[in-house]
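Reading through the structure tokens given below for one structure.
The values are calculated or read from the model by the stated rules, or taken from the named source; none is laboratory data. Everything quoted here is computed from the prediction, not taken from an experiment. When we count neighbours, we look across all protein chains shown, and the Cβ atoms used for this are built from the backbone with ideal geometry, even at glycine. Areas reflect the complete protein model, heavy atoms only, side chains present, ligands, DNA and RNA absent. Shrake-Rupley method; radii C 1.70, N 1.55, O 1.52, S 1.80 Å.
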Amino acid sequence: MSSLPRSLHALTAAALCAAVALGPAHLAAAAAPADELPTADQLKAALLDANDLGPQSGFSEAPPQSPSPGGNPSPVSGCDALSALLNSHAGQPTPTVPHAETELDGPGGSPMVTESLTAEPLDKVNTDFAKATDAFKTCTTVTFDAGTPDEVTFKVSPIALGDRQDAPAVRLDGTIGGVQLNAYIGIERFGTVGMAFGFFQRDESSSQLASFQYRTAVAKVERSLGTKAGSTTPPTTVATPGMAV
């Protein structure tokens, strides 16, 4: 297979993009004052880009994609806790909160890397992080339906992607049309900033590259925002009135 078929790409995007468990759909509570949170531009600068993954990696940034008007409003099923968490994000408009996300595609669409950063009040981060941790621990299978003729059921297994053993992460294994699919989803917090990381590959099963790129993502956020993974205090790099980013 020289490239990722459209339906398979849609399913992959549904799995990884819906996995932004700390994303903007969970920000119903009022956001903290702007001078207490990083701006969207600061979050964008902290995201991975193609250069971060290596000049020979062949990755390129995918253009932003809007949810399909006729898309499945509940594309995730199989595990109640994780399904509720992911479905609450799917198809939601982006509120006016500090948020940035990216998708980086390898040659032919595999591997695919997604990353999302969202700033929110500390108590909201605490709640969302706890929900993600519990959901990741309780799921054994989850099914994604991107509104295409195909759907895929993944086996869900806990995994450690980075140095922090208590940072929630899962491995997903499934097949579609005889093609082996393997994905990793990791959630991390940096004080008032939540990160959701997704990695997809086909016809491969090693976690080595996913772990390397996850660690690269964590390190860049730490450098860019002046904080540490797992921190429960706000980043030192935050917006101040009149600050140019």
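Observations
- Projected label points at Lys137 and Leu122, each 7 Å from Cα along the beta carbon direction, are separated by 2.3 nanometres.
- Between Glu36 and Ala62, the distance separating the two model label sites (each 7 Å from Cα on the Cα→Cβ line) works out to 3.5 nm.
- With all protein chains kept in place, the per residue accessible area of the range 142-204 amounts to 34 square angstrom at a probe of 1.4 angstrom.
- Taking every DSSP bridge with both residues inside the range 180-238, close to 100 percent are antiparallel.
- Note on Arg189: accessible area is roughly 20 Å² with a 1.4 Å probe, heavy atoms of protein only.
- Hits among aspartates and glutamates - C-alpha to C-alpha of Lys228 under 15 Å, sequence gap 8 or more where chains match: Asp163, Asp166, Glu188
- For the pair Ala130 and Ser157 in one chain, pulling the backbone fully straight at 0.36 nm per residue adds 7.9 nm over the alpha carbon distance.
- Cα→Cβ-extended label distance, 7 Å offset, between Thr236 and Asp203, nm: 4.7 nm
- Contour excess over end-to-end distance, with Cα ends at Val179 and Asp166 and 0.36 nm allotted per residue: 1.5 nm
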